[in-house]
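Notes follow the structure.
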Amino acid sequence: MNPSQLRTLLAELTSGLVEAGEAERLLLDALRAAPYEDLGFARIDHHRTIRQGFPEVVLGLGKTPAQAAAIAGEIVRRGSTLLITRASQEMFDGVRAVVPQAAYYFDAAIIAFRQQDVAPGKGRILVVAAGTSDLPIAEEAARTAELMGNDVDRLYDVGVAGIHRLLGEHTRLDAAAGQFREERAQL
């Protein structure tokens, strides 16, 4: 049970749509469920959302399409958002067989399927990349941040060959730095 499902259960209990005994049974079933699931080749951390605010992110590198599909199926079955990084098209083909709603972002090499267990982020994240060879990593970071509920702004090809390209974006950089300072001050 993820935080969104728990809020729904509590709202249904409060409104009388679910009786106390049924709510207790559902909650105990969720608590009894293993905090992780052992698939033999991988252990999926199903309680990470409760501890960290976002479900487990799967590193696709080195996994077979069948392994990625098995992991993806269990993550989605439990109601969690799916994010597989460093994924290939072949891996996506395997995942899509068990999670047809999943999307593949070629520019970021990620497989994703967002469910309702992610709270909106605060503020905006600025992803800055020096050159075009950095775009795959920058897009992985940007799409990951978006999937995690954040607003993202991209600022690409502003580095290595000339500082003038970066300095020409000083307004956006100043805005991001100011927002960061404000958020730090609130802590």
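The values are calculated or read from the model by the stated rules, or taken from the named source; none is laboratory data. Only a predicted model underlies this, so the values are computations on that prediction, with no experimental measurement involved. Cβ sites come from the backbone with ideal geometry, for glycine too, and all protein chains shown count toward neighbours.
Would you say I75 is modelled with pLDDT of 85 or more, closer than 30 Å to F92 by Cα and within 15 Å of the chain's Cα centre (by Cα)?
yes
I'd like to check which strands (runs of 3 or more DSSP E) are fully inside the stretch 1-85 and have at least 3 residues that are out of contact with any Leu (no Cβ under 8 Å at 6 or more places or on another chain).
Of the strands (runs of 3 or more DSSP E) lying wholly inside the stretch 1-85, those with at least 3 residues that are out of contact with any Leu (no Cβ under 8 Å at 6 or more places or on another chain) span 36-38, 43-45.
Residue pairs, Cβ under 9 Å, 6 or more apart or interchain, first in the stretch 80-92 and on the phi > 0 side of the Ramachandran plot and charged (D, E, K, R), second buried (at least 18 other Cβ atoms within 10 Å of the Cβ) and in a helix (DSSP H, G or I). List them.
R86/E140
Given the options P55, P100, P65, name the one that is more than 30 Å from E169 (Cβ to Cβ) and surrounded by fewer than 16 Cβ atoms within 10 Å (Cβ to Cβ).
Result of the check over P55, P100, P65: P100.
All but one of (1) free of Cβ contacts under 8 Å to residues at least 12 places away in the same chain; (2) not assigned by TED's automatic domain parsing to the domain that holds A108 hold for R51; state the number of the condition that does not hold.
Only one criterion in (1) free of Cβ contacts under 8 Å to residues at least 12 places away in the same chain; (2) not assigned by TED's automatic domain parsing to the domain that holds A108 is unmet by R51, namely (2).
When you look at G79, is it under 17 Å from E56 (Cα atoms) and touching a helix residue (DSSP H, G or I) at 6+ places or on another chain (Cβ under 7 Å), yes or no?
Yes, satisfied.
Taking A20, is it out of contact with any Phe, Trp or Tyr (no Cβ under 8 Å at 6 or more places or on another chain) and either of a type outside the set (K, R) or more than 21 Å from Y105 (Cβ to Cβ) (or both)?
Considered against the rule, which asks whether it is out of contact with any Phe, Trp or Tyr (no Cβ under 8 Å at 6 or more places or on another chain) and either of a type outside the set (K, R) or more than 21 Å from Y105 (Cβ to Cβ) (or both), A20 comes out as yes.
R181 is checked against (1) at pLDDT 80 or above; (2) among the basic types (K, R); (3) more than 16 Å from T85 (Cβ to Cβ) and fails just one. What number does that condition carry?
The single condition R181 does not satisfy is (1).
Taking the stretch 110-124, which residues are touching an Asp or Glu at 6+ places or on another chain (Cβ under 7 Å) and β-branched (V, I, T)?
Matches in the stretch 110-124: I110 only.
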